[in-house]
1. Among V109, V42, which is the only one that is crowded, with 16+ Cβ neighbours inside 10 Å and either outside the structural domain of M183 (by TED's automatic domain parsing) or modelled with pLDDT of 95 or more (or both)?
2. Considering each of F193, F182 in turn, give the residue that is aromatic (F, W, Y) and either touching a helix residue (DSSP H, G or I) at 6+ places or on another chain (Cβ under 9 Å) or in contact (Cβ under 8 Å) with a residue 60 or more places away in the chain (or both).
3. From (1) surrounded by 12 or more Cβ atoms within 10 Å (Cβ to Cβ); (2) under 17 Å from H156 (Cβ atoms), pick out the condition that doesn't hold for F227.
4. Please give the number of the condition F227 fails out of (1) of a type in the set (F, W, Y); (2) in contact with a Lys or Arg (Cβ under 6 Å, 6 or more places away or on another chain); (3) within 12 Å of V133 (Cβ to Cβ).
5. Out of all the residues in the range 28-39, which are crowded, with 18+ Cβ neighbours inside 10 Å and without any contact (Cβ under 8 Å) to a residue 40 or more places away in the chain?
6. Does the range 9-17 contain at least one residue that is of a type in the set (S, T, N, Q) and either in the same structural domain as A249 (by TED's automatic domain parsing) or more than 26 Å from L254 (Cβ to Cβ) (or both)?
7. Please pick out the residue among E95, E49, E66 that is among the acidic types (D, E) and free of Cβ contacts under 8 Å to residues at least 12 places away in the same chain.
Amino acid sequence: MSQATTPKAVKAVLNSYDAINGRDLEAMLACLAWDVVIETRVETHRGHEGATRMFKEAFTSEFSNEPQAMLIAGNRVVVLTLLRLTGGMTGIETEQQLLEVWTVDHELVTRLQVMEREEGLESLGLTELASIVEDVRRSYDLINSGKLDEGLKMMHPNLVVDRGARTLDPDPIEGRDALRAFMEPDIFESQSFEVRELIATERRVLVRATTRGRTAGTGIDLSAESFQIWTMQRRQAVRGNVIQEEEEALALLLSD
């Protein structure tokens, strides 16, 4: 039986993308085990020597590799990425939707496999989980566009949302109708959520989001980042937890 993914393993993968997009070879190598195996769709690279050659070549290109969602499967972190490449003299940008499978042991990446997205999801049995994550993303998009009723369909009628102890009113929100009433314009004349990360297990989806609002009357713009963890049953959220600290949020996401 494969070991469970830990918060530190997830952070190792997040740090890897920071290093890749920052073209920081030293930081990238610090995330990799000395005997790492990297399997692209073209060739296999082994160890720090092979990884160094691969990333040095890659860093000469104009590109970005943006994680769109992470799926936790045993001791693997499966990342849906959007690779954007800008081609030489033409300057034409192309996009590829990929699946990158990271195996992490003791906070170091031991294996990275790059696959075609749909084929990879099917082979790993993660098509359904990826679909649930897209449902969550779509809900946030609908809420941001002012379509509250449609956006909140993801929520179970008896949903309970724990907003944490740091809020002005720490009492939980009980029920989808109560959540809708809470989100109606009141103190804030408008609110929006910028989704920055989506990480999912079989039971929960974590949304790292920046909430932005403009206060009614005074027109003051405010923003705050939080981690919103949704416990799912039959594609609906039955519980929500709003947490401020990343380590605490990842621990809840990955708990049994």
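1. Details: V42 fails: crowded, with 16+ Cβ neighbours inside 10 Å.
Being crowded, with 16+ Cβ neighbours inside 10 Å and either outside the structural domain of M183 (by TED's automatic domain parsing) or modelled with pLDDT of 95 or more (or both) holds for just one of V109, V42, which is V109.
2. Only one candidate qualifies: F193.
3. F227 satisfies all of (1) surrounded by 12 or more Cβ atoms within 10 Å (Cβ to Cβ); (2) under 17 Å from H156 (Cβ atoms) except (2).
4. The single condition F227 does not satisfy is (3).
5. M28
6. The initial filter retains those residues of the range 9-17 that are of a type in the set (S, T, N, Q), namely 15-16.
Checking which are either in the same structural domain as A249 (by TED's automatic domain parsing) or more than 26 Å from L254 (Cβ to Cβ) (or both) leaves us with none.
No: the range 9-17 contains no residue that is of a type in the set (S, T, N, Q) and either in the same structural domain as A249 (by TED's automatic domain parsing) or more than 26 Å from L254 (Cβ to Cβ) (or both).
7. Exactly one of E95, E49, E66 is among the acidic types (D, E) and free of Cβ contacts under 8 Å to residues at least 12 places away in the same chain, namely E49.
Rundown of residues vs (1) assigned to a helix (DSSP H, G or I); (2) buried (at least 18 other Cβ atoms within 10 Å of the Cβ), yes/no style:
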position: E26; (1), (2): yes, no
position: G50; (1), (2): yes, no
position: K56; (1), (2): yes, no
position: E66; (1), (2): no, no
position: M70; (1), (2): no, yes
position: L99; (1), (2): no, yes
position: M115; (1), (2): no, yes
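The values are calculated or read from the model by the stated rules, or taken from the named source; none is laboratory data. Only a predicted model underlies this, so the values are computations on that prediction, with no experimental measurement involved. All Cβ positions, even for glycine, are placed from backbone atoms using ideal geometry, and neighbour counts span all protein chains on display.
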